[in-house]
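J.: Take a look at this one; I'll ask things after.
Computed from the coordinates by the stated procedures, all read-outs in this text should not be read as laboratory data. Keep in mind that what you see is a predicted model, and the values were worked out from it rather than measured. With ideal geometry, Cβ positions are generated from the backbone for all residues, glycine too; neighbour counts draw on all protein chains shown.
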Amino acid sequence: MPADLRFASLQSYELLPAGEELVVPQPLRTTLLALTPALAVAALWASGVASAGVATAAGGVLLVLGVIRGGYAWFDARHCRVLADRLLRAHARSAVSSPLADWRAPQLTSERTRRRLVKRVQSLTRDADLSLRAGSSPLDRHATEQSLFQLRRLQLRLDDLSRPVSPYGVLVVRELADGASNPFSWPSPAELPDALTEALAALDAPR
């Protein structure tokens with residue numbers, strides 16, 4: 001297997017085999033490097049060294065190859081994130097020693113990611129508040145009130161950057177926000193308060 005590892009070929013989220021070194025895909029850098037030959041041909045045409053016909057033919061081929069190469073790099077990066085997320089979820093309540101998890105964890109717990117989650121939680125809070133104002137059955141209303149209280153707690157927890165969060169907890173909150181914002185994937189409002197409680201606890205899971 002090559003040193004840079006083709007993540008697209010991995011079929012599980014197991015730890016890297018002994019002797020393998022993790023080199024994380026850098027899609028933007030790879031794409032820019034892949035497009036450099038096409039840009040060089042364009043520069044030759046602009047300087048008059050190459051004719052328009054030759055530059056168009058050669059540049060077109062190189063451009064297509066560069067786009068394909070860049071596409072593979074973006075796919076590898078995405079697949080790498082998916083595998084790392086699965087690995088972190090599989091070790092929910094314990095620390096995991098893996099180069100893949102070590103690479104992904106800072107991304108999940110970064111200030112940028114937390115700010116994005118805060119905005120998504122704020123959106124859910126507004127939806128819950130609107131639901132209360134619109135009126136609903138007593139059972140749904142009670143569950144919504146509980147959810148609203150937990151959503152505000154979750155928002156404050158994520159927004160407090162002085163308190164670290166676990167990568168696993170971030171994954172739980174993100175999946176919860178995706179499910180709660182999609183009425184077709186969330187079975188019942190009554191389940192949301194307990195799920196929010198679990199998400200809050202998950203943020204304090206081992207890192």
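J.: Need one word for segment 54-167: rounded, prolate or oblate. Basis is the Cα gyration tensor (sqrt eigenvalues a ≥ b ≥ c); a/c below 1.5 gives rounded, then a/b vs b/c decides.
T.: Working: a/c = 3.18, a/b = 1.86, b/c = 1.71.
Cα axes put segment 54-167 in the prolate bin.
J.: What is the gain in length, in nm to one decimal, between Arg69 and Arg115 on full extension, counting 0.36 nm per residue of separation less the C-alpha to C-alpha distance?
T.: Stretched out fully, the Arg69 to Arg115 stretch lengthens by 13.3 nm.
J.: Another question about this same structure. Taking only the alpha carbons of segment 109-202, what extent do you get along each of the three principal axes, in Å, biggest first?
T.: Reported extents, whole Å, longest axis first: 39, 21, 19.
J.: Another question, then. Given labels modelled 7 Å from the Cα in the Cβ direction, how far is it in nm from Ser97 to Asp140?
T.: The answer from the label model is 5.2 nm.
J.: Another question about this same structure. Gain in length, Thr56 to Thr197, computed as 0.36 nm per residue apart minus the alpha-carbon separation, to one decimal in nm?
T.: This chain segment gains 44.8 nm when fully extended.
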